Amino acid sequence: MRTYEQYVEDLKKMKPNIFIGDEKVGRDDPRIEGGMHIIKETFDCAYDPEYEDLCVTTSHLTGKKINRFCHIHQNKEDLYKKQMMTRVLCHRVGGCIQRCMGIDAMNALSIITYEMGQALGTDHYKRFLKYLEFFQDQDIVASCAQTDAKGDRLKRPYQQEDPDQYLRIIETRDDGIVVRGCKINITNTPYADEFIVVPCRYMGPEDKDYAVAFALPADWEGVKLLTRTANFRKGKHLDAPGMHIGDAETFIIFDDVFVPKERVFLNGHADPHQTPYAGFLALMFAHYHRHTYTGCKPGMSEVLASSALLVAEYNGIEKAKHVQEKISHIIGIAELVFAAGESSARHSEKSPSGTQIPDEILTNAGRRLAGENIYEEFKILADISGGLIATLPFEGSFFSEEVGDLAMKYLKRNPRVKPENIYRCFKGIENLVVSDLAGVLQVAGVHGGGSPQMETITMMLRYDTEKLKNISKYLFGIKSKIHRYERPTVTPRKQLEKFRKAMQRKKKS
């Protein structure tokens with residue numbers, strides 16, 4: 001396992017390919033330090049006895065001790081610990097822990113490359129295992145690049161006027177492939193060691209050139225990172241852990257980029273039979289990422305609930321019934337979302353590759369509940385805090401020789417609380433609710449891992465609604481008998497089974 005200091009040194013060795021506005025910068029640019037500070041927790045906590053049981057595990061591949069952010073889930077306990085690790089680490093950074101995407105993608109690849117190898121006789125699973133060993137041995141921080149630019153949303157990839165609106169393979173060579181296109185809305189890439197590219201949708205036969213998955217170092221030749229940074233506001237006079245947090249969202253442009261063969265995990269361009277696996281990989285990554293959200297979003301909700309409790313105390317209204325009711329709503333959502341993820345781990349199934357897959361209905365139910373309530377939670381915190389979180393004078397005024405004492409005098413609320421702590425509280429909530437990064441976190445709470453509409457679609461596709469209707473048919477006298485109904489575990493592999501049955505029927509006909 002690496003230390004944070006080793007991680008930073010490795011980043012400094014990478015070639016500058018980050019564009020912030022019109023500036024081309026390297027990994028030493030101060031605007032990405034906030035995101036690196038978040039990743040720091042994933043390294044530091046692996047060496048902290050208080051967190052080691054969650055952040056460290058044993059590789060099923062090598063038997064070595066590894067960071068859990070590099071682990072392929074082998075059982076139900078692994079899924080639960082990943083979920084709990086994500087939740088408690090979010091407390092330490094006031095939001096998204098940012099290292100989850102890479103390992104969610106790795107777990108998805110461990111399933112799809114194996115299934116594809118069994119069905120088509122490809123060697124992609126062997127390639128994956130070799131890459132996984134490197135990934136674990138080097139304690140890699142990875143980003144996952146899934147969302148394409150998409151162009152005209154009503155057209156499939158092959159129908160686009162500009163064929164590069166979805167990332168595509170333009171050439172297959174003996175030693176690898178050449179890709180062109182762009183992945184957008186990608187978190188953490190400027191301070192990731194590597195990124196893993198997966199498809200963002202189902203691909204039909206005509207979309208074969210777009211069925212592609214691979215991994216590359218984040219500074220690879222031809223890769224350009226168009227980055228937007230957002231950070232909590234730091235103080236000049238007062239410091240706090242929450243002031244050092246930041247985020248970077250990126251357009252990853254692939255300008256005719258060569259990918260070595262050993263790092264290619266899906267290639268519909270060379271073998272059209274691989275094309276259907278693009279959709280399964282897209283679904284599987286989204287599924288794992290939504291399960292991670294059932295740890296991440298409760299952690300974020302608890303940050304908001306904690307802040308609401310503190311500001312209510314400092315405002316002297318902590319006993320008010322309406323305040324308690326509103327805060328209980330945030331706590332209730334956090335617990336329900338986590339319970340859905342925990343239950344999905346309990347009802348998980350083992351894939352043929354040995355990777356544990358959480359239940360899809362429960363995962364999507366939890367993620368949808370989180371997405372539907374994220375703005376309500378921020379609204380509650382803003383309501384209890386009052387307008388001061390948006391109008392608080394700048395820090396310098398509170399430490400000015402001329403007006404500092406007056407500023408502190410009129411900031412007082414609860415007489416038992418020092419004015420400095422009241423300032424710290426409102427400054428912290430200002431960062432959480434009205435900063436640049438606050439806006440990013442709110443939108444991510446809706447769309448990260450898939451919007452509530454996507455969770456709705458997935459749930460309705462996977463739920464056996466015909467069997468569900470039998471309950472009312474019996475109760476209403478339409479059917480004379482009712483058979484015991486317990487919803488079985490479902491995962492994205494059900495879609496794979498449907499595909500195989502359809503292919504078998506096609507061969508017979």
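Using the Cα gyration tensor of the stretch 37-177, with a ≥ b ≥ c the square roots of its eigenvalues, what is the shape: rounded (a/c below 1.5), prolate (a/b larger than b/c) or oblate (neither)?
On the way: a/c = 2.46, a/b = 1.52, b/c = 1.62.
The shape class here is oblate.
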Note to self: 7 Å from Cα along Cα→Cβ at both Ala270 and Lys350: what's the point-to-point distance in nm?
What the structure shows: 3.2 nm
Next item on the list: Using only Cα atoms, find the angle between the long axis of helix 493-508 and the longest principal axis of the chain, and express it within 0 to 90 degrees, rounded to the nearest 10.
Entry: 20 degrees
Note to self: If each residue of separation counts as 0.36 nm, what is the full-extension length gain between Ser397 and Lys126 once their alpha-carbon separation is subtracted?
What the structure shows: 91.4 nm
Next item on the list: Would you mind ranking Asp44, Asp193 so that the residue whose beta carbon has the fewest other beta carbons within 10 Å leads the list?
Entry: Asp44, Asp193
Next item on the list: Please order Asp256, Asp207, Asp436, Asp104 by the number of other Cβ within 10 Å, starting at the fewest.
Entry: Asp256, Asp436, Asp207, Asp104
Note to self: Whole angstrom only: what separates the Cα centroid of the stretch 226-299 from the Cα centroid of the stretch 417-489?
What the structure shows: 21 Å
Check: What are the radius of gyration and Dmax of the chain, computed over its Cα atoms and given in Å?
Finding: 24.3, 88
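Shape of the stretch 465-508 from its Cα gyration tensor (a ≥ b ≥ c, root eigenvalues): rounded if a/c is under 1.5, otherwise prolate when a/b > b/c, or oblate?
The shape class here is prolate.
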Next item on the list: Please give the net charge around Glu302, taking every other residue with its beta carbon less than 12 angstrom from that of Glu302, where Lys and Arg add +1 and Asp and Glu add -1.
Entry: +1
Check: Any idea what Rg and Dmax come out to for the stretch 288-461 if you just take the C-alpha atoms, in Å?
Finding: 19.8, 71
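Add +1 for every Lys or Arg and -1 for every Asp or Glu among the other residues with Cβ under 12 Å from the Cβ of Gln136, and state the total. Mind showing how you got there, number by number?
Details: positive: Arg2, Lys64, Lys65, Arg68, Lys130; negative: Glu133, Asp137, Asp139.
Net charge around Gln136: +2.
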Check: Tilt of helix 419-434 relative to the longest C-alpha principal axis of the chain, in degrees (0 to 90, nearest 10)?
Finding: 30 degrees
Next item on the list: Report the extension gain between Asp405 and Ile471 in nm, rounded to one decimal, defined as 0.36 nm multiplied by the number of residues separating them, less their alpha carbon distance.
Entry: 16.8 nm
Item checked: Spin-label pair Gln453/Glu262, simplified geometry with 7 Å Cα→Cβ offset, distance in nm -> 4.4 nm
Next item on the list: Grab the other residues whose beta carbon is less than 15 angstrom from that of Asn414, score K and R as +1, D and E as -1, and report the net.
Entry: +4
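What relative contact order, as a whole-number percentage, does the chain give when Cα pairs under 8 Å and 6 or more residues apart are counted?
On the way: 919 pairs, mean separation 81.1, N = 509.
Computed over the chain, the figure is 16 percent.
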Check: Relative to the longest principal Cα axis of the chain, at what angle does helix 100-120 sit, 0 to 90 degrees, rounded to 10?
Finding: 10 degrees
Note to self: Taking 18 Å as the cut-off for C-alpha to C-alpha distance, list the pairs among Lys150/Lys297; Lys297/Lys379; Lys13/Lys126 that go past it.
What the structure shows: Lys150/Lys297; Lys13/Lys126
Check: At Phe499 and Asp44, where each label point lies 7 Å from the Cα along Cα→Cβ, what is the point-to-point distance in nanometres?
Finding: 4.3 nm
Next item on the list: For each of Leu392, Leu475, Leu89, count neighbouring Cβ atoms within 10 Å of the residue's Cβ, then give the residues from fewest to most.
Entry: Leu475, Leu392, Leu89
Margin query: Ignoring solvent entirely, what values of log10 I(q)/I(0) come out of the Debye formula for the stretch 221-378 at 0.20 Å⁻¹ when each Cα is a single scatterer?
Written below: -1.24
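A short reminder: the numbers here are calculations on the coordinates, not readings from a lab. Just so it is clear, the model here is predicted, and its values are computed rather than measured. Using ideal geometry, Cβ is built from the backbone for each residue, glycine included, and neighbour counts are taken over all protein chains shown.
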